[in-house]
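Undergrad: Structure incoming, see below.
Quick note: the coordinates plus some simple rules give every number you see, no bench work behind them. Just so it is clear, the structure is predicted and the values come from calculations on it, not from any experiment. Cβ placement follows ideal geometry from the backbone for every residue including glycine, while neighbour counts extend to all protein chains displayed.
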Amino acid sequence: MGQEEGWNSPRARELVADARRLRHSTQTDPDFQSYSAQARGYVYFFLDRKDTGERILVKTDQIALEVFWRAPDQGRQRIVGLRDRKSLPTNIRYHLDHLLVVQDNFGDRIRIGDGDEVSSVIHPMAPGSEEFYDFLLADSLTLFLPASGDTIRVYELKVRPKDFSVPAFLGSVFLDRDTRGIVRLAFTFTPASYVDPYLDHIRISLENGLWMGKHWLPYRQELEIRREVPYLDIPAGSVIRGWFEIRDYEINPTLPPYILYGPPVTAVPEEQRRSFPFEEGLHAHLEREGLPGLRTPPSMEEIRALARQVAGERYLSGLRRFRLFLPAPAVSSALRLNRAEGLFVGGGLSYQWPPDWKVGLHGGLSSGRERPGVRVSVETRGGSTRGGAEFFWNHPRDVGPLPGTDGVLNTLSVLALRQDYQDLYFTTGTTAFLHGIRTPGGDLTLEGRWERHTPGRDVLSGEGKAGRYRPVLPLEAGEMVSLGAGIRRAMPFPLAQGELRMTGGRFRERPFAALQGILSLHRPAPAEGLDLWAELRGGAVLGEAPFQAFAFLGGRGTLPGYPFRAQAGKHHWLLRTEVSGPLASPWLRWRALAAAGQAWGGASPLVPRPTDPSPPLSGVLATAGAGVALGWDVLRFDLARGIGGGGKWEFFLSVNPRLWPWL
């Protein structure tokens, strides 16, 4: 069945009326007077990078509920288990309904966040909804029911408001072909629905299971709430994700009076909640989804695509279209200091173009360069895929594939220690890209570039002050054209992922190719356990690539205990591992680290340092160290020693690399 009948066909309106009658009859069915059930769920709080789709877990809550209902409309829930863990500092407190099960498909009025997020949206099956919504009989489908293992034929009714400027439901209702019961709701809202100006979107999926051959009761529920700063467009948002599964139904039990006549939601004492014997671990659900590859689940992407299909070219975000714009890394794109630019001050504007386009303009001035830096970006999203183009003029870029530190700490280091852990060159050109293309082999990235490279120079030391900073690398000037592809996927063993990147092109008419592979493993710590991170990477550059494509090893970011970027070459490998455990959780953790690696091949671009005129280091370098981490492993203080010739003790401060894109 297709969509030949169009919106508001007699058949579509008939199905709406049938579904409404069934919702009412359930309340008066003499054979169905009550039920009880058990629910298990998770609520996650993430930091979210909308520009890449990457997410950082901040907090996890695991919930156990007892769920009760008695005709005609008495719903009750009791929280019997609740435990949480913070992975980063946060003071978030959820609205109560984020921790509960939706029992009646929201009734006739939909409220989210106790009315602070969505206050009163008319349900598409509420009385009189035909005057408010358009309905399209989209298709007849076969759905698999995980609750019973059966398949069932359903009608899909797409729903849109007649007026998009008012609070309204936007999505699909799936109806059982035989009973007209609601099998699934998959929906979002119009922008006017959002009470909170920080809301980008809310997406909800409710799945039901069949009981007694005609009653569709809650089985699985998912919720995603995304927020950003209303006036500022930075690569940082927050996401609340809820997931519940409802099971162990008992039909028509005798419910105790203290349940029915008490408040709608109760909870056992805190000590009992925290000691509840959960059947699985705190991160078990994320591990099934492929942790650490935290990303938008397919069910939420499906709702997004459905809303775009139904809404057409309309703008669906609750955020302002015009905002101040600071691209990644956000803080450093506003203010930074280094020896190649001096003091840089920047800012910009972005505009959201319906339905999914974003245009960004960012620029700034630096005290050490005559010309400003400018970036113009145009991008769009479709499901998990992000595509677009960027045009840049006089834009700085660091050498090699391995950054030494984040932008904020580098600025502080230049100010306080006269140590610059970047080697910048400047690019003018354009790039086109497609990121996050989901394939059976993993997430695919494609990219093409044309750019002109200009080496940087030391603008801070000044006349007669040679040696004040580390010497500038003699990088190469010229035009480069390149094509690249990369793929990232979860590995067959738990908590690991692999990435492979390939690039080919020409620099100053010299052909080159580059290959890099990364294998990483991260086992997040339980509340009082060990956190393990390990990464093995390697790469090779073939042909006559510019020096800025070489790998640079040594010092912070790679092999602490050796001079910074004391080894360079076309080929490299690097193995790093870190283990940490609690001392005074969550404020203080001990750390142990070790690393080994080598870069070799090609004429070295390194120049002797005035304070250390020895030649560049060769051979395998190794390092080991220990330290402490403060505040949920945000700030790290480490002492490391290079093992072997040229190795020294090095004490350094760093920020957890997961946070670098925002610094």
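Undergrad: Where a ≥ b ≥ c are the square roots of the eigenvalues of the C-alpha gyration tensor, would you call the stretch 468-624 rounded, which needs a/c under 1.5, or, failing that, prolate if a/b is larger than b/c, or oblate?
TA: On the way: a/c = 2.76, a/b = 1.41, b/c = 1.95.
Cα axes put the stretch 468-624 in the oblate bin.
Undergrad: OK, next. Give the residues of the stretch 467-491 whose amide nitrogen is closer than 14 Å to a point set 7 Å from the Cα of residue 603 in the direction of its Cβ.
TA: In the stretch 467-491, the label zone of residue 603 (backbone N under 14 Å from the point 7 Å along Cα→Cβ) covers 474-477.
Undergrad: What is the calculated FRET efficiency for residue 252 to residue 656, with r their C-beta to C-beta distance and R₀ = 60 Å, to the nearest 0.05?
TA: 0.65
Undergrad: Could you bin all the Cα-Cα distances of the stretch 322-662 into 20 Å bins starting at 0 and give me the percent of pairs in each, rounded to whole numbers?
TA: Here the calculated profile for the stretch 322-662 is 27, 62, 11.
Undergrad: Could you give the nm distance between label points at residue 624 and residue 376, where each point is 7 Å from its Cα heading toward the beta carbon?
TA: Computed distance between label sites residue 624 and residue 376 equals 5.6 nm.
Undergrad: A further question follows. Can you give the relative contact order of the chain as a percent, counting alpha carbon pairs under 8 Å and 6+ residues apart?
TA: 9 percent
Undergrad: Another question about this same structure. Checking the cross-link filter: which aspartates and glutamates have an alpha carbon closer than 14 Å to that of residue 648, excluding same-chain neighbours under 8 positions apart?
TA: Filter leaves 612, 638.
Undergrad: Continuing with the same structure: Across every pair of different alpha-carbon atoms, what Kirkwood hydrodynamic radius in Å does the chain reach?
TA: 27.8 Å
Undergrad: Give me the orientation-averaged projected area of the Cα convex hull of the stretch 321-422, in nm², one decimal. Let's see the in-between values first.
TA: On the way: hull surface 29.2 nm².
For the stretch 321-422, averaging the hull's shadow over all directions gives 7.3 nm².
Undergrad: In terms of the ratio Rg/(2.2 N^0.38 Å) built on C-alpha atoms, what value belongs to the stretch 64-210?
TA: Against the compact-globule rule of thumb, the ratio is 1.16.
Undergrad: If I model a spin label at residue 519 and residue 452 as a point 7 Å from the Cα along the Cα→Cβ vector, what separation in nanometres do I get?
TA: 4.4 nm
Undergrad: Pop out the ³J(HN,Hα) list for the stretch 401-410 in order, Karplus 6.51 cos²θ - 1.76 cosθ + 1.60 with θ = phi - 60°, rounded to Hz; leave Gly and Pro as x.
TA: Ordered by residue, 3J(HN,Hα) equals x, 10, x, x, 7, 7, x, 5, 5, 5 Hz.
Undergrad: Can you list the lysines whose alpha carbon sits under 25 Å from that of residue 214, skipping same-chain ones fewer than 8 residues off?
TA: Within reach: 158.
Undergrad: At residue 71 and residue 275, where each label point lies 7 Å from the Cα along Cα→Cβ, what is the point-to-point distance in nanometres?
TA: 4.0 nm
Undergrad: Straight-line reach only, C-alpha to C-alpha below 26 angstrom: list the lysines that residue 86 could link to, leaving out same-chain residues fewer than 8 apart.
TA: 50, 59
Undergrad: Also: So how much slack lies between residue 641 and residue 120, counting 0.36 nm per residue of separation and subtracting their Cα-Cα distance, in nm? Show your work: numbers first, answer last.
TA: Numbers: separation 521, 0.36 × 521 = 187.56 nm, distance 6.17 nm.
Result for the pair: 181.4 nm of gain on full extension.
Undergrad: Now a separate question. How large is the convex hull of the Cα atoms of the stretch 1-103 per residue, expressed in Å³ as a whole number?
TA: Given the Cα convex hull of the stretch 1-103, per-residue volume reads 194 Å³.
Undergrad: Which of rounded, prolate or oblate describes the stretch 131-264 when judged by the alpha-carbon gyration tensor and an a/c cut-off of 1.5?
TA: Working: a/c = 2.00, a/b = 1.37, b/c = 1.46.
Oblate.
Undergrad: Not counting the cut sites, what is the longest span of the chain without trypsin sites (Lys or Arg not before Pro) that DSSP labels loop and that have at most 10 other Cβ atoms within 10 Å?
TA: Of all site-free stretches, the longest is 94-464.
Undergrad: What is the list of residues in the stretch 362-401 whose amide nitrogen lies under 17 Å from a point 7 angstrom out from the Cα of residue 139, following Cα to Cβ?
TA: Flagged as within label range: 383.
Undergrad: Quantify how much of the Cα-Cα distance distribution of the stretch 375-434 extends past 18 Å, in percent.
TA: Counting every Cα pair in the stretch 375-434, those more than 18 Å apart make up 55 percent.
Undergrad: Can you tell me, using C-alpha contacts under 8 Å and at least 6 residues apart, the relative contact order of the stretch 50-99 as a whole percent?
TA: Contact order relative to length: 39 percent.
Undergrad: Compute the length gained on full extension between residue 288 and residue 90: take 0.36 nm times their separation in residues and subtract their Cα-Cα distance, giving the result in nm to one decimal.
TA: My answer for the length gained is 68.8 nm.
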